[in-house]
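The values are calculated or read from the model by the stated rules, or taken from the named source; none is laboratory data. For clarity, every value in this text was computed on a predicted model and none was experimentally measured. Cβ coordinates were reconstructed from backbone atoms using ideal geometry, including for glycine residues, and neighbour counts include every protein chain displayed.
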Amino acid sequence: MPLTFDDLLTRARALTPDRGRAVLGIAGSPGSGKTTLAERLVRALGADGTDRVAHVAMDGFHLADAELDRLGRRDRKGAPDTFDAAGYAALLRRLREPVEGEAGDVVYAPGFERVLEQALAGAVRVPPAARLIVTEGNYLLLGTGVWARVRAQLDEVWFCELDEVERVRRLVARHEAFGKGHAEAVAWVDRSDRPNAELVAATRDRADLVVPMAAMPRVGTGT
């Protein structure tokens, strides 16, 4: 039987502990629909109005443009070395710490504002009641350098596998939606997103589950 979104919901629910926390990672190349899948999972799992699930994205750990300029990496924004991977791993480790009842501390995580193309500190609230953290990003399965610390904090990682033509179409459309002209968007996808996508695709075999396009929500420009 083909994998469905309902199957994904069942699997995510099975990860959720009564006590403590589990962290589910969703990986995939740029434009593969990671964010859309994570958001839909969180909405469905939290439909009862409780705070038992939260969404924390890797994109909140983008280095600021000023720091990328200092490092000479601004033209490669989105590559593995343009993120604070150690900070991301540290946050995931903190989120996994035991929480007694619902009286623990709220954890604030950074978010990412696509219009500004900048991370925003303290933008995401993770309540003490959260038992499942859904996190998503390109490099969750990267086994080199500091990124290996990230995988160690994840109970399970799913890999979004999207048709390549559709993935590139979404990427170009997303760049256009946030201000790039068509030619500039196509050039950025080829120069920056393509090598990143190839790097991410090579980590596919490390995933616990490969999510095919048919099981993912239909979107226009999802990450």
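Only one of the numbered conditions (1) under 16 Å from residue 34 (Cβ atoms); (2) modelled with pLDDT of 80 or more; (3) among the small types (Gly, Ala, Ser) is violated by residue 220, and that is (2). Within the range 35-52, the set of residues being over 15 Å from the mean Cα position of the chain (by Cα) and in contact (Cβ under 8 Å) with a residue 24 or more places away in the chain comprises 44, 45, 50, 51, 52. The residue list 200, 189, 168 contains one member that is β-branched (Val, Ile, Thr), out of contact with any Gly (no Cβ under 8 Å at 6 or more places or on another chain), in a helix (DSSP H, G or I) and more than 25 Å from residue 14 (Cα to Cα), which is 189.
Listed residues 116, 92, 142; which is in a loop (DSSP other than H, G, I, E, B) and in contact (Cβ under 8 Å) with a residue 60 or more places away in the chain? Going through 116, 92, 142 in turn, just one is in a loop (DSSP other than H, G, I, E, B) and in contact (Cβ under 8 Å) with a residue 60 or more places away in the chain: 142.
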